[in-house]
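**Student:** Here it is, the structure in full.
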Amino acid sequence: MDLGSSPFISRRQLLVEGPTEYYIVAAVANYFSQELDRDLFGWKKLSVMPVRGAPNVIGQASWLASEGIDFAIMLDSDEEGRDTLERIEKHNPDIDSDRVVMLQNSSNSEEVVTEDMFDPELYVSEFNAEYKEFTSELDNDFEPAQVKGIDGLRWEVGGIEYDGTRLDKVLVEYLESSALSEDLENSRGEIELRKRQIAERIASRLNRSAVEEDQLQSFNRVFADLDSAMDLDS
């Protein structure tokens, strides 16, 4: 019996880049299903499989294809995600590139990462909560980042302009300019955004239904695209 026929393997798999995306997709999909009665991509019959970065989805996708399991791949539309899609198109004929869904939000189709899929006020509020707790034992107090709208498509986050792409880089820049920057550096002298921990906070908030539907609007199109990508053989 091949794995595609096994009762122990979900017949629909969603490959995502890592644990951050796993927490986010699961929580948003649950919220849509339970609070809004929307099952946009067969969520209740699907398993989410996190891998270690965009390039590693290729091996997993080839395995799923060989086992006859329906799947889709969700990738950031940053350089690494685009390079991975190009590799699939040029070097992996066993993977249908139409199964790949690149993240985009209401204003951008490239350089969109998971952090850009939320209303920035929602994401930044959980960023602030995470770093307030994380730095609570330090001498200096963490100064929360403020979000100010500019024109509906652009914002100022902590005084740094944000155009809807790479919020992760904007927040790292904000941390680098803070009085706590040296305390937040890793062994390489770099600041890494606590993405997984912030994702867990957002997931908890979604599970409590402590969000507004319009703060998640960018997920509607992505989830619809995932549904189409998984039903290619239907």
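**Student:** Consider residue 210 carefully, then state whether it is out of contact with any strand residue (DSSP E or B) (no Cβ under 9 Å at 6 or more places or on another chain) and open to solvent by 20 Å² or more (accessible area, probe 1.4 Å).
**Tutor:** Spelling it out, residue 210 is indeed out of contact with any strand residue (DSSP E or B) (no Cβ under 9 Å at 6 or more places or on another chain) and open to solvent by 20 Å² or more (accessible area, probe 1.4 Å).
**Student:** Please determine, by comparing only the residues of the stretch 69-98 that are farther than 17 Å from residue 109 by Cα and in contact (Cβ under 8 Å) with a residue 60 or more places away in the chain, which one is surrounded by the fewest Cβ atoms within 10 Å (Cβ to Cβ).
**Tutor:** 96
**Student:** Give the number of residues within the stretch 70-123 that are of a type in the set (A, V, I, L, M, F, W, C) and either more than 15 Å from the chain's Cα centre (by Cα) or under 16 Å from residue 214 (Cα atoms) (or both).
**Tutor:** Final tally of qualifying residues: 7.
**Student:** Next question. Say whether the condition of being touching a residue at least 60 places away in the same chain (Cβ under 8 Å), closer than 22 Å to residue 200 by Cα and assigned to a helix (DSSP H, G or I) is met by at least one residue in the stretch 35-58.
**Tutor:** Checked against the condition, which is being touching a residue at least 60 places away in the same chain (Cβ under 8 Å), closer than 22 Å to residue 200 by Cα and assigned to a helix (DSSP H, G or I), the stretch 35-58 yields at least one hit.
**Student:** Considering (1) open to solvent by 70 Å² or more (accessible area, probe 1.4 Å); (2) touching a Ser or Thr at 6+ places or on another chain (Cβ under 7 Å), say which one residue 63 fails and leave the rest.
**Tutor:** (2)
**Student:** I would also like to ask the following. I want to confirm something. Restricting to the stretch 89-130 and keeping residues that are in a loop (DSSP other than H, G, I, E, B) and either among the β-branched types (Val, Ile, Thr) or out of contact with any Ser or Thr (no Cβ under 8 Å at 6 or more places or on another chain) (or both), which single residue is modelled with the lowest pLDDT? If you could, list the steps in order and put the result at the bottom.
**Tutor:** Of the residues in the stretch 89-130, the ones in a loop (DSSP other than H, G, I, E, B) are 92-96, 103-113, 118-119.
Checking which are either among the β-branched types (Val, Ile, Thr) or out of contact with any Ser or Thr (no Cβ under 8 Å at 6 or more places or on another chain) (or both) leaves us with 93, 95-96, 107, 112-113, 119.
Working: 93: 96, 95: 96, 96: 96, 107: 87, 112: 98, 113: 98, 119: 96.
Only one residue tops the list, namely 107.
**Student:** Can you name every residue in the stretch 117-145 that is open to solvent by 10 Å² or more (accessible area, probe 1.4 Å) and either touching a Pro at 6+ places or on another chain (Cβ under 8 Å) or of a type in the set (S, T, N, Q) (or both)?
**Tutor:** 125, 128, 132, 136, 140
**Student:** Are any residues in the stretch 159-188 open to solvent by 30 Å² or more (accessible area, probe 1.4 Å), touching a residue at least 24 places away in the same chain (Cβ under 8 Å) and either in contact with a strand residue (DSSP E or B) (Cβ under 9 Å, 6 or more places away or on another chain) or part of a helix (DSSP H, G or I) (or both), and if so, which ones?
**Tutor:** Answer for the stretch 159-188, where residues must be open to solvent by 30 Å² or more (accessible area, probe 1.4 Å), touching a residue at least 24 places away in the same chain (Cβ under 8 Å) and either in contact with a strand residue (DSSP E or B) (Cβ under 9 Å, 6 or more places away or on another chain) or part of a helix (DSSP H, G or I) (or both): 163, 183.
**Student:** If you don't mind, there's one more thing I want to ask. Residue check: is residue 18 surrounded by fewer than 21 Cβ atoms within 10 Å (Cβ to Cβ) and either closer than 13 Å to residue 230 by Cβ or of a type in the set (A, V, I, L, M) (or both)?
**Tutor:** So residue 18 fails the test.
The values are calculated or read from the model by the stated rules, or taken from the named source; none is laboratory data. Everything numeric in this text was worked out from a predicted model, so none of it was measured. Because the Cβ atoms are built from the backbone with ideal geometry, glycine has one as well, and the counts that use them run over all protein chains shown. With ligands, DNA and RNA removed, areas are computed over all heavy atoms of the protein, side chains included. Shrake-Rupley method; radii C 1.70, N 1.55, O 1.52, S 1.80 Å.
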